[in-house]
Amino acid sequence: MIETWGLGKTFGPPPWPLGLVVPSARRPVRALHDVTLRLDQGEIVGLLGPNGAGKTTLLRILATLVLPSEGRVRVNEADIVRDSASVRRAVGLAAGQERGFYWRLTGMENLEFFAGLLGLSGAQARRRAAEALSAMDLEDHAHQTVERYSAGMRQRLGIARALLGKPRVLLLDEPTRSMDQNAAVRTHGIIRRLATESGVTVLLATHQPSEAAALCRRVAILVNGAVRDVIPTPAPEGGLTERYRSAVGA
Amino acid sequence: MVLLHRFAAFLKRDYLLARASRLAFGWQLLSVFFAAPILFYMGRLIQPATSRHLAPFGGDYFAFVTIGVAVFGFLAATMAAPAAAIRHEQMIGTLEAVLITPASPHVVVLGASLWNIIVAILQGALYLVLGVLIFGLEIRGTGLLAAALVSLVAVGTFAALGMLSTALVVILRHGDPLSGLIAAGSALLGGVFYPTTVLPQPLQRLSEFVPLTHALRALRLALLQGHGVSALQEELSILLLFLGVLGPLATFALWWAIRQAKTAGTLGAY
């Protein structure tokens, strides 16, 4: 479950004397403003918005990587500021970046390492890594170094890593951006199963109204850091696209 | 147990990465085979009788400088390891992925440095082994326990300095600015290549505020003169005082730096 009340984030200049030595923007940048959302257990909610709308910032706040400037956020009943350790135990984040892995290690070795950081023993970590690789159809590439992976495979590996801790909340940032059609469809199936069978709450940031419509029960449209509209689905894809266009003023 | 699993995961990862770069790893250890003879031949230039400054440590310059270089090497590496490890994670983009796990940032920093600290300790030990086996360095067995204890406290102290340095790396997103400076200052004032008694009085006084001075003095007395823990109480107490001040300060500094980076949204930036 995810709950936010009046969540805001402004990236401002660092406090004195850090401002003298740390490179940063001179003027404050408001990335999120008054975001109030509630995602129930097992619900898949989409975050749809243009570049710079604040989608990634919101996911990073929920993952405890960025501190909010205002408002409150609870993930799986834990406050993200006061109890960030509990939140990190509950959350899996697939950031959709190609970086973030040790390219000279194999997919299996990478996942074993991250499973080890969850506190699992060597044997448990190996088992959990193998399960996650298998879930993302990467078992045939488990012993290949990540530098040989395609961009889509690395993205699947990122989702596999997010699944290692059997998270109660899954945060996905453009999870199928670099995937081919088949891999994207399989990934959608996995996300759906996680929500319906395991009760995992999923927040999915995407540019694509079609992906949001296919997967999500509701879609929040984020523009300039604020939620402009929350659209329930299923809705005809055209309907979602039209409302999205109207919200972003396109 | 969970903590041990986390440290084991870091060690295994770094072993695998070192295996993937065998040449660099081999060179790290091989360099000792070149440095040790250099120290030996430099030692032949300085006769025991010529320097009263070496007398408290047995009078042999080769023994004096070998311990100095070995200990300085592993303590400087212990200090540089955390910041280097975190900077590396920043550069390759894995820092956020590591910090989003339930492992605390302090465990991450220590875990990520463990491999380099162990390699540095092996390098230091290799100096001593080569010194004993090839160049006739005489180590007193009676001081080994005290030497181990002093090393442990010194490693803790230098790891705390390393954590302070890591805090700066997290904030500045730049190469380690502090470790090099402290290492250079320690080499000058800490008595690595010469006893601190050869320094002018003001610098001698200043050297008492350098942890390396006390670590080296205690280790030389333990290994070369066979002093036990009770004879090294003064140096051990000073090192413990450094650890008692620097440990909490470094822990707080790293917590604060990570909080600042999370506020600025720069935790994963480089």
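FYI, it's all coordinate maths here, none of it is from the lab. Because the structure is a prediction, the values reported are computed rather than measured. So basically every Cβ, Gly included, is an ideal-geometry build from the backbone, and we count neighbours across all protein chains shown.
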Checklist outcome for this item: With the charge dipole of chain A built from beta-carbon charges (+1 for Lys and Arg, -1 for Asp and Glu) about the Cα centre, the Cα from A:152, A:231, A:58 projecting farthest to the positive end belongs to A:58
Next on the checklist: Using Cα springs under 10 Å in a Gaussian network model of chain B, which residue among B:237, B:21, B:151 shows the largest mean-square fluctuation?
Outcome noted: B:21
Checklist outcome for this item: The value for the stretch B:198-270 (convex hull of the alpha-carbon atoms, volume per residue, Å³) is 160 Å³
Item to check | Rg over Rh [alpha-carbon atoms, Kirkwood Rh] for the stretch B:1-111 | outcome: 1.16
Checklist entry - Once you sort the root eigenvalues of the Cα gyration tensor of the protein assembly as shown as a ≥ b ≥ c, which label holds: rounded (a/c under 1.5), prolate (a/b larger than b/c) or oblate (the other case)? => result prolate
Checklist entry - Where a ≥ b ≥ c are the square roots of the eigenvalues of the C-alpha gyration tensor, would you call the stretch A:1-111 rounded, which needs a/c under 1.5, or, failing that, prolate if a/b is larger than b/c, or oblate? => result oblate
Checklist entry - If you plug each phi of the stretch B:143-157 into the Karplus form 6.51 cos²θ - 1.76 cosθ + 1.60 with θ = phi - 60°, what whole-Hz ³J(HN,Hα) values come out, in order, with x for Gly and Pro? => result x, 5, 5, 5, 4, 5, 5, 4, 4, 4, 5, 5, 4, x, 5
Checklist entry - From the square roots a ≥ b ≥ c of the eigenvalues of the alpha-carbon gyration tensor of chain A, which class results: rounded (a/c under 1.5), prolate (a/b over b/c), or oblate? => result oblate
Checklist entry - Between residue A:96 and residues 5 or more places away or on another chain, which pairs have amide H atoms under 5 Å apart, with H built 1.01 Å from N, and which residues are they? => result A:173
Checklist outcome for this item: For residue A:29, other-chain or 5+-apart residues with amide H closer than 5 Å (H placed, Pro excluded) are A:11, A:12
Next on the checklist: No solvent, one uniform scatterer per C-alpha: report log10 I(q)/I(0) for chain B via the Debye equation at q = 0.13, 0.15 1/Å, two decimals.
Outcome noted: -0.88, -1.12
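Subtracting the Cα-Cα distance from 0.36 nm times the residue separation, let me have the gained length for residue B:122 to residue B:31 in nm, one decimal.
31.5 nm
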Checklist entry - Gap in Å between the Cα centre of the stretch A:81-145 and the Cα centre of the stretch A:181-250? => result 26 Å
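Could you work out, residue by residue across B:1-9, how many beta carbons of other chains sit within 10 Å of that residue's beta carbon, and then give the average as an integer?
Working: counts 2, 5, 1, 2, 10, 5, 1, 4, 12.
Mean shielding by partner chains, rounded to a whole number: 5.
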Item to check | Karplus (6.51, -1.76, 1.60) ³J(HN,Hα), θ = phi - 60°, over the stretch B:115-121, in Hz, Gly and Pro reported as x | outcome: 4, 5, 5, 5, 4, 5, 5
